[in-house]
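To keep things clear, I will list the structure first and then write my remarks on it.
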Amino acid sequence: MATWRDLAQYVREEYDVISEGEDEIRVLFNFEMHNEDDERTQVVIVAREILDAKHEWVQIASPVGLADKVDLKALLAEIGNSSIACGAAIMGEHVVLRHSLPLKDLDIHEFTDPLELLAGTADQIEEMFFGGDQY
């Protein structure tokens, strides 16, 4: 994968796309595909980002809940203890987990493995801190 176009085509073919824009694709990551007993899902946003007006990157992000409804210190401590593939940020009103990768020479496993780890971590954090499966 060397371009956003290539990655976007791959995402369309492999994941359940729920909305799409020019530089953003939202997918519904379904855990049941990986474990028959798990009916949970997680919204994951795959977005094209440009660094220094010349380098293409992909950002993988997933909302977990509203920032003003959580103990941010406890949430960040949990992410620090339990995650290797994502960090947390506040985007708009939401706490999101996110991970970014350069698109140039991107191997597909460098994308799919972090996406799966991020989706799983986001789902766990959402359940642990927000008590549901809203995203």
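Coordinate-derived values only; no laboratory data. Remember, predicted model here, so these are calculated numbers, not experimental data. With ideal geometry, Cβ positions are generated from the backbone for all residues, glycine too; neighbour counts draw on all protein chains shown.
At a glance:
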| read-out | value |
| --- | --- |
| Theoretical ellipticity at 222 nm over the chain - DSSP helices of four or more residues, -39500 (n - 2.57) apiece, nearest 500 | -11000 deg cm²/dmol |
| On Cα atoms only, tilt of 72-82 relative to the major axis of the chain in degrees | 70 |
| The chain: relative contact order as a whole-number percent, Cα under 8 Å and 6+ apart | 25 |
| Residue among ILE79, MET128, PHE31 farthest towards the positive dipole end of region 4-130, charges placed on Cβ | ILE79 |
| Nearest-ten-degree value, helix 108-130 long axis tilted from longest Cα axis of the chain | 20 |
| Exposure rule at most 16 other beta-carbon atoms within 10 Å, DSSP loop GluC sites (Glu not before Pro): the chain longest free segment | 40-92 |
| Gain on full stretching of the segment that runs from TRP57 to ASP16 - 0.36 nm per residue minus C-alpha separation | 12.6 nm |
| Dipole in debye (nearest 20) - region 71-135, about Cα centre, beta carbon charges: Lys, Arg +1; Asp, Glu -1 | 260 |
| Identified option (computed Kirkwood radius over Cα pairs in Å; candidates (1) 15.2; (2) 25.6; (3) 16.8) | (1) |
| Point-charge dipole on Cβ atoms (K/R +1, D/E -1) for the chain, about Cα centre, debye to 20 | 540 |
| Net charge of neighbours whose Cβ lies under 14 Å from the Cβ of GLU49, counting Lys and Arg as +1 and Asp and Glu as -1 | -1 |
| Partner aspartates and glutamates for LYS69 [C-alpha distance under 12 Å; skip if fewer than 8 residues away on the same chain] | GLU93, GLU126 |
